[in-house]
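Q: Mind looking over this structure? Questions follow.
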Amino acid sequence: MQIHRDQIVAWLKAYANLLSEKKEYLTELDAAIGDADHGANMDRGFQAVMKKMDELSNQDIGTIFKTVGMTLLSTVGGAGGPLYATFFLQAGMKATGKMELSLAEWSAALEAAVNGVKMRGKAELGDKTMIDALVPAVQALKTAQENGTSLSEALQQCAHAAEEGMKATIPLVARKGRASYLGERSAGHQDPGATSSYYLLQTAADVWSA
Ligand code: ADP
Ligand code: MG
């Protein structure tokens, strides 16, 4: 089983739609521990990506990912925008010229993407950021892939790990990003970036297993 370029396009479209739907909710999460713009930021970035989708949809996966990254970089400011841009730029490096990805290739691309976010943002697991959703997701996907788990089951395990990581941010005190300015008062709130990262991987599981 392979993830075809058209499924990559379908994933990005589904994620853009989900972000429009969850815009207010993500902004509410960011209002509690940040500056109430995460929903608007992500929605603006992915609407800009959608505008390029028609011309992009016949390109290879590497070109698609790199264009998503560049578009996010030029349309989304703040901390989240450049971090999601890095995610897609790094994933794109692993998918250069490819029209489809095996589970092993997707796993390697996701790992490179998340390592890029870690390097750029310098956040570690437990700092109450998107890393708390992404790192367990990478680990779950690698384990599933190495155990020969089916594509759809592996993607569900990946999304599930991201969801657990997202929920685990609630009691944490933020050590990176704007939320860290709140110190102890950041505890008791779910991190907005971990939430949008969970959505990204849940959408992949839903769209690619369908
Ligand atoms: P800003 O914080 O500039 O307003 P957003 O609201 O769009 O940007 O994004 C906030 C999210 O970015 C946080 O919820 C967190 O998950 C993520 N984030 C912030 N700083 C970092 C970092 N250094 N490393 C990883 N993720 C981070
Ligand atoms: Mg914000």
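Q: Would you pick out the residues in the range 158-196 that are closer than 17 Å to K142 by Cβ and surrounded by 18 or more Cβ atoms within 10 Å (Cβ to Cβ)?
A: Going through the range 158-196, the residues closer than 17 Å to K142 by Cβ turn out to be 158-162, 164-165.
Once the filter is applied, which keeps residues that are closer than 17 Å to K142 by Cβ and surrounded by 18 or more Cβ atoms within 10 Å (Cβ to Cβ), the range 158-196 yields C158, A159, A161, A162, G165.
Q: Now, a different point. Please verify whether the range 66-73 includes one or more residues that are in a helix (DSSP H, G or I), in contact with a helix residue (DSSP H, G or I) (Cβ under 8 Å, 6 or more places away or on another chain), in contact (Cβ under 8 Å) with a residue 40 or more places away in the chain and within 21 Å of A112 (Cα to Cα). Break it down stepwise before answering.
A: First pass over the range 66-73, keeping only residues in a helix (DSSP H, G or I): 66-73.
Cutting the leftovers down to in contact with a helix residue (DSSP H, G or I) (Cβ under 8 Å, 6 or more places away or on another chain) gives us 66-73.
Still in the running and in contact (Cβ under 8 Å) with a residue 40 or more places away in the chain: 68.
Now drop any that are not within 21 Å of A112 (Cα to Cα), which leaves 68.
There is at least one residue in the range 66-73 that is in a helix (DSSP H, G or I), in contact with a helix residue (DSSP H, G or I) (Cβ under 8 Å, 6 or more places away or on another chain), in contact (Cβ under 8 Å) with a residue 40 or more places away in the chain and within 21 Å of A112 (Cα to Cα).
Q: I want to confirm something. Restricting to the range 111-122 and keeping residues that are surrounded by fewer than 23 Cβ atoms within 10 Å (Cβ to Cβ) and of a type in the set (A, V, I, L, M, F, W, C), which single residue is farthest from G69 (Cα to Cα)? Walk me through it before giving the result.
A: Narrowing the range 111-122 to residues surrounded by fewer than 23 Cβ atoms within 10 Å (Cβ to Cβ): 111-112, 115-116, 118-122.
From what's left, of a type in the set (A, V, I, L, M, F, W, C): 112, 119.
Details: A112: 14, M119: 16 Å.
Checked the range 111-122; the qualifying residue farthest from G69 (Cα to Cα) is M119.
Q: Can you say whether T67 is within 16 Å of ligand 1 (Cβ to nearest atom) and buried (at least 17 other Cβ atoms within 10 Å of the Cβ), as far as the supplied structure shows? Full working, then the answer.
A: Values: within 16 Å of ligand 1 (Cβ to nearest atom): no; buried (at least 17 other Cβ atoms within 10 Å of the Cβ): yes.
Spelling it out, it is not the case that T67 is within 16 Å of ligand 1 (Cβ to nearest atom) and buried (at least 17 other Cβ atoms within 10 Å of the Cβ).
Q: Go through the range 75-108 and count every residue that is crowded, with 23+ Cβ neighbours inside 10 Å and more than 23 Å from R5 (Cβ to Cβ).
A: Final tally of qualifying residues: 3.
Q: In addition: Evaluate the range 25-46: report whether one residue or more is of a type in the set (F, W, Y), within 19 Å of G193 (Cα to Cα) and over 16 Å from the mean Cα position of the chain (by Cα). Can you show your working first?
A: Here is the first cut: in the range 25-46, the ones of a type in the set (F, W, Y) are 25, 46.
Narrowing the set further to residues that are within 19 Å of G193 (Cα to Cα) leaves 25, 46.
From the residues that got through so far, the ones that are over 16 Å from the mean Cα position of the chain (by Cα) too are 25.
Checked the range 25-46: at least one residue is of a type in the set (F, W, Y), within 19 Å of G193 (Cα to Cα) and over 16 Å from the mean Cα position of the chain (by Cα).
Q: Quick one: would you say K176 is in contact (Cβ under 8 Å) with a residue 60 or more places away in the chain, within 16 Å of ligand 2 (Cβ to nearest atom) and among the basic types (K, R)? Full working, then the answer.
A: Details: in contact (Cβ under 8 Å) with a residue 60 or more places away in the chain: no; within 16 Å of ligand 2 (Cβ to nearest atom): yes; among the basic types (K, R): yes.
The answer is no for K176.
Q: Mind checking whether some residue in the range 40-57 is touching a helix residue (DSSP H, G or I) at 6+ places or on another chain (Cβ under 9 Å) and not in a helix (DSSP H, G or I)?
A: Among the residues of the range 40-57, at least one is touching a helix residue (DSSP H, G or I) at 6+ places or on another chain (Cβ under 9 Å) and not in a helix (DSSP H, G or I), which makes the answer yes.
The numbers here are math on the coordinates, done by the rules we state, and not lab data. For clarity, every value in this text was computed on a predicted model and none was experimentally measured. As a convention, Cβ positions derive from the backbone with ideal geometry for all residues, glycine included, and neighbour counts pool all protein chains shown.
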